[in-house]
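See structure below.
Just so it is clear, none of the values below were taken in a lab; they were calculated from the coordinates. Just so it is clear, the structure is predicted and the values come from calculations on it, not from any experiment. Cβ sites come from the backbone with ideal geometry, for glycine too, and all protein chains shown count toward neighbours.
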Amino acid sequence: MQKRGFTLIELLIVIVILGILITIVLRVYTGPVQKAKLLQCKANLKALYTACYDYATEEGRFPWAGEGAQYWEHWAVLVRYNRNGKGIDPKNFVCPEFLNKHPAKRDEDAGGEWELRPENVSYAYANDVRTYDSVGYLAADMDVKIGGQGQGHQEVIVILKCTGGDPIVHKLKEGEDWSSVCGKWLSRD
């Protein structure tokens, strides 16, 4: 009796079936993961708004590092105000979609202090001094993924208004990009 192996056709059919199954599993798995990341992003912005509102209640305006400061320097003002981050978590400054941004770590040798740097922040910040009575945006994701390019959520920008409330999830329309939606309100330099 001669042993019979797989023919090339049988092997290709098995590979195609496995490919289809993997595609189905990835689609089923990706949806809930994307929603969870979106919810976490919104929660981060809500936490930042609460901290900014507390700051504004005392200072009369949202954190401001001065004219020409970069987005992360404004957030650093908020960290220093919150007794070096004790009132806010460094994870709140990083959208879960941004893989090249990592939360700041505390330096235990320096008394547990942490300091924000550009690599620790993925949310843009208002481009001028704003109060909680301001009309406009306070913060938003710095980038959006369009056609596989960019970081952030797929064709969605999460935006926090100066008036607070639930962050807006703005689905980009034809011809829109980050700059056209957020450019007049936010700084990302």
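Quick notes on this one:
- Positive contributions from Lys and Arg (+1) and negative ones from Asp and Glu (-1), summed over other residues with Cβ under 15 Å from the Cβ of residue 151, come out at -2.
- Electrostatic bookkeeping for residue 166 treats Lys and Arg as +1 and Asp and Glu as -1; over the other residues with beta carbon under 14 Å from its beta carbon, the sum is +3.
- Straight-distance crosslink candidates among lysines, where the alpha carbon sits under 17 Å from residue 37 and sequence neighbours closer than 8 are dropped: 46, 91, 101, 145, 171
- Residue-count net charge about residue 62 - beta-carbon cut-off 11 Å; Lys, Arg +1, Asp, Glu -1: -2
- Estimated translational D of the stretch 9-187 in µm²/s (Stokes, Kirkwood radius over Cα pairs; 20 °C; 1.002 mPa s): 121
- In the elastic network of the chain, a GNM with C-alpha springs shorter than 10 Å, the most mobile of 127, 100, 92 is 100.
- Relative contact order for the stretch 40-168, counting Cα pairs under 8 Å that sit 6 or more residues apart, in percent: 25
- Calculated mean residue ellipticity at 222 nm for the chain: -12500 deg cm²/dmol, from DSSP H runs with n ≥ 4 weighted as -39500 (n - 2.57), summed, divided by the residue count and rounded to 500.
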